Amino acid sequence: MTGKGPKTGVNDSGSAVIMDGRELARAWQDRLKREIRDCRPAGGRGPLLAIVRVDGDGQGSRYVRRKRAVAEAVGILSRELVLPATATQKMVEEAVGRLNADEAVDGVMVQLPLPAHLERDAVLARIAADKDVDGLTAASLGRLAAGEPAWVGSTVVGIRCLLKHYQVALVGARAVVVGRNRFVGMPAALFLNRENATVTVIHRKTPNPEAIARTADILVAAAGNPGLIGSEWVKPGAVIVDCGANRLPNGLVVGDVEATVATVAGMMTPVPGGVGPLTVAGLMDNTWAAYQRRFDLGGA
Ligand SMILES: NC(=O)c1ccc[n+]([C@@H]2O[C@H](COP(=O)([O-])OP(=O)(O)OC[C@H]3O[C@@H](n4cnc5c(N)ncnc54)[C@H](OP(=O)(O)O)[C@@H]3O)[C@@H](O)[C@H]2O)c1
């Protein structure tokens, strides 16, 4: 990348700038740690994030461990409520309800996916609006769509941090989001729209998606489809944000974007080490914001 100003420009080196989510997340967490240490009221309790997890295939516990480790590192207390794999819908919803009612809890999230016998959306709908720090409820998404103050999901908070750090111009940019799921693709599209980018969303029924993607200054991949996006999808110099986190049978985690895209793009996120670490930092940022609101600290 060369030149000054907004960096949705050209790739004249034949190799994209790799946007380092790990490093950014570390700096973000350090900032949060200082802020929490300096701003939380002396003698009072610290912010607390509660995570509901239903025992399943084991991946969930790995993600929760990581979130709790980061929470501890920045000075956020965490609590994990583990229910057995056989838990009923009522048991899971009641667990969420108890955390909603608990004055000591600032943020509530449910680790996904849930076992197939549980109705995910009904569980998420139980999360109290003021504690929805993962921003996954239909209510939060609706507020985001309506342009009202809303919890923005932690993945999108992470993307916002990334694009800001790398000075990617959003106003007037042409953005294409691949995937319309309410957890990643749709909130990313709504966020970009709110920032005055012109946004197109691609899904499985979209004809000729490559041609549409090639119009993008900013291409966000949220398809959960390993290697779906090759260089033929990418306009030279485009900024590529790969949200894909796809575990292969050999255990490796890969994104939706092929590595060869680096020869065409201006900037791109790696997987792992891109959006993932920023998502966790975004969750902590939202939890701290919920605490600040609750205690009227004026920072959020
Ligand atoms: N980095 C993070 O922190 C983070 C957080 C959450 C999720 N993720 C990852 O993000 C990815 C997406 O997750 P998700 O929960 O949104 O997945 P999902 O529920 O399977 O949704 C995938 C979306 O992509 C679209 N899609 C899939 N294949 C496509 C294709 N060949 N062409 C066009 N569109 C296609 C689907 O279209 P239809 O609607 O037409 O089916 C759907 O809208 C996964 O890899 C997941 O692990 C990452």
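The values are calculated or read from the model by the stated rules, or taken from the named source; none is laboratory data. The shown structure was predicted, so the numbers you read here are calculated from the model rather than taken from an experiment. Note: ideal-geometry Cβ built from the backbone for every residue, glycine included; neighbour counts use all protein chains shown.
Data table
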read-out: Enumeration of residues in the stretch 258-276 that are more than 17 Å from the chain's Cα centre (by Cα) and within 15 Å of the ligand (Cβ to nearest atom); value: GLU258
read-out: Filter result (outside any loop (DSSP other than H, G, I, E, B) and either under 26 Å from GLY153 (Cα atoms) or not assigned by TED's automatic domain parsing to the domain that holds ALA189 (or both)) within the stretch 230-250; value: VAL239, ILE240, VAL241, ASP242, ASN246, ARG247
read-out: Within the stretch 230-253, tally of residues that are free of Cβ contacts under 8 Å to residues at least 60 places away in the same chain and more than 9 Å from the ligand (Cβ to nearest atom); value: 11
read-out: Any hit, the stretch 206-216, residues being touching a Cys at 6+ places or on another chain (Cβ under 9 Å) and surrounded by 24 or more Cβ atoms within 10 Å (Cβ to Cβ); value: no
read-out: Cβ-Cβ under 6 Å pairs, at least 6 apart or on other chains, the stretch 17-29 side more than 16 Å from CYS243 (Cβ to Cβ), far side of a type in the set (A, V, I, L, M) and at pLDDT 95 or above; value: VAL17/MET267; TRP28/ALA281; GLN29/VAL74; GLN29/ALA281
read-out: Qualifying residues in the stretch 28-61 (those that are in contact with a Lys or Arg (Cβ under 8 Å, 6 or more places away or on another chain) and under 19 Å from VAL108 (Cβ atoms)) - the one surrounded by the most Cβ atoms within 10 Å (Cβ to Cβ); value: LEU49
read-out: Hey, ARG194 of a type in the set (Lys, Arg) and either crowded, with 23+ Cβ neighbours inside 10 Å or farther than 17 Å from ASP132 by Cβ (or both) or not; value: yes
read-out: Number of the condition not met by THR206 [criteria: (1) under 17 Å from LEU162 (Cβ atoms); (2) free of Cβ contacts under 8 Å to residues at least 24 places away in the same chain]; value: (1)
read-out: Whichever residue in the stretch 180-229 is in a loop (DSSP other than H, G, I, E, B), closer than 23 Å to LEU136 by Cα and charged (D, E, K, R) and, among such residues, is farthest from the ligand (Cβ to nearest atom); value: GLU195
read-out: Subset tally (residues that are closer than 16 Å to PRO41 by Cβ, modelled with pLDDT of 95 or more and not in a helix (DSSP H, G or I)) for the stretch 269-300; value: 0
read-out: Long-range neighbours under 6 Å by Cβ, at least six apart or interchain, first residue closer than 28 Å to ILE240 by Cα within the stretch 275-300, second in a helix (DSSP H, G or I) and of a type in the set (Lys, Arg); value: PRO277/ARG22; VAL280/LYS67
read-out: The listed residue being at pLDDT 95 or above, small (Gly, Ala, Ser), away from the ligand (no atom under 16 Å from the Cβ) and in contact with a strand residue (DSSP E or B) (Cβ under 7 Å, 6 or more places away or on another chain), out of ALA122, ALA95, ALA101; value: ALA95
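Yes/no per residue for (1) touching a helix residue (DSSP H, G or I) at 6+ places or on another chain (Cβ under 6 Å); (2) surrounded by fewer than 18 Cβ atoms within 10 Å (Cβ to Cβ); (3) within 29 Å of LEU32 (Cβ to Cβ); (4) of a type in the set (S, T, N, Q):
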position	(1), (2), (3), (4)
VAL253	no, yes, yes, no
VAL257	no, no, yes, no
THR263	no, yes, no, yes
GLY274	yes, no, yes, no
LEU278	yes, no, yes, no
ALA281	yes, no, yes, no
ALA290	no, no, yes, no
